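K.L.:
Dumping the structure here so I can ask a few things about it.
The values are calculated or read from the model by the stated rules, or taken from the named source; none is laboratory data. All of these numbers come straight from a predicted model, not from anything done at the bench. Note that we place each Cβ from the backbone using ideal geometry, even for glycine, and neighbour counts take in every protein chain shown. Ligands, DNA and RNA are excluded from the accessible area calculation, which covers all protein heavy atoms including side chains. Shrake-Rupley method; radii C 1.70, N 1.55, O 1.52, S 1.80 Å.
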Amino acid sequence: MLFRSLARVSQIVDYIFYVIYALLGLRFILALMAARSGAGFVRFIVAVTDPFYEPFRGIVASPRTDGGHTLMLPLVIAIIVYVLLHLGINGLLRLIAHRKTAI
């Protein structure tokens with residue numbers, strides 16, 4: 001029973017992180033393509049991803065071209081940190097599940 005509930009929690013954690021990856025990846029692509037910041041969809045993506053991006057804002061410089069294309073390196077760092085956090089949480093859940101079932 002515990003194993004099933006931990007497996008369900010792991011699935012939920014996976015889903016949440018996959019949504020975060022998709023949104024941050026979309027924000028990265030929009031910045032790279034120099035999407036108009038006044039467009040409704042761009043404003044929506046920025047508003048939704050801001051809480052996840054904010055801790056990493058300004059951590060390193062973001063190179064920008066004359067055409068407005070931006071390589072948002074802090075966003076790349078954010079995605080890497082979220083991947084590591086995701087792996088850590090899933091590893092912890094696996095550790096708990098195996099420890100409880102082995103007893």
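K.L.:
Can you name every residue in the stretch 29-68 that is open to solvent by less than 50 Å² (accessible area, probe 1.4 Å), outside any helix (DSSP H, G or I), more than 23 Å from Val81 (Cα to Cα) and in contact (Cβ under 8 Å) with a residue 12 or more places away in the chain?
P.N.:
Ala34, Gly68
K.L.:
I've got another one for you. Being in contact with a helix residue (DSSP H, G or I) (Cβ under 8 Å, 6 or more places away or on another chain), without any contact (Cβ under 8 Å) to a residue 24 or more places away in the chain, surrounded by 13 or more Cβ atoms within 10 Å (Cβ to Cβ) and farther than 30 Å from His98 by Cβ narrows it down to one residue among Leu26, Leu71; which is it? Please lay out each step first, then the result.
P.N.:
On the way: Leu71 fails: without any contact (Cβ under 8 Å) to a residue 24 or more places away in the chain.
Criteria check complete, one pass: Leu26.
K.L.:
I'd like to check something: does the stretch 4-17 contain any residue that is farther than 15 Å from Thr70 by Cα, among the basic types (Lys, Arg) and modelled with pLDDT of 95 or more?
P.N.:
Keep residues of the stretch 4-17 that are farther than 15 Å from Thr70 by Cα, which gives 4-17.
Narrowing the set further to residues that are among the basic types (Lys, Arg) leaves 4, 8.
Imposing the further condition that a residue be modelled with pLDDT of 95 or more reduces the set to none.
Scanning the stretch 4-17, I find no residue that is farther than 15 Å from Thr70 by Cα, among the basic types (Lys, Arg) and modelled with pLDDT of 95 or more, so the answer is no.
K.L.:
Before we move on, is Tyr15 of a type in the set (Ser, Thr, Tyr) and either touching a residue at least 40 places away in the same chain (Cβ under 8 Å) or open to solvent by less than 70 Å² (accessible area, probe 1.4 Å) (or both)? Walk me through how you get there before you give the answer.
P.N.:
Values: of a type in the set (Ser, Thr, Tyr): yes; either touching a residue at least 40 places away in the same chain (Cβ under 8 Å) or open to solvent by less than 70 Å² (accessible area, probe 1.4 Å) (or both): no.
Here the answer is no, as Tyr15 does not meet what is asked.
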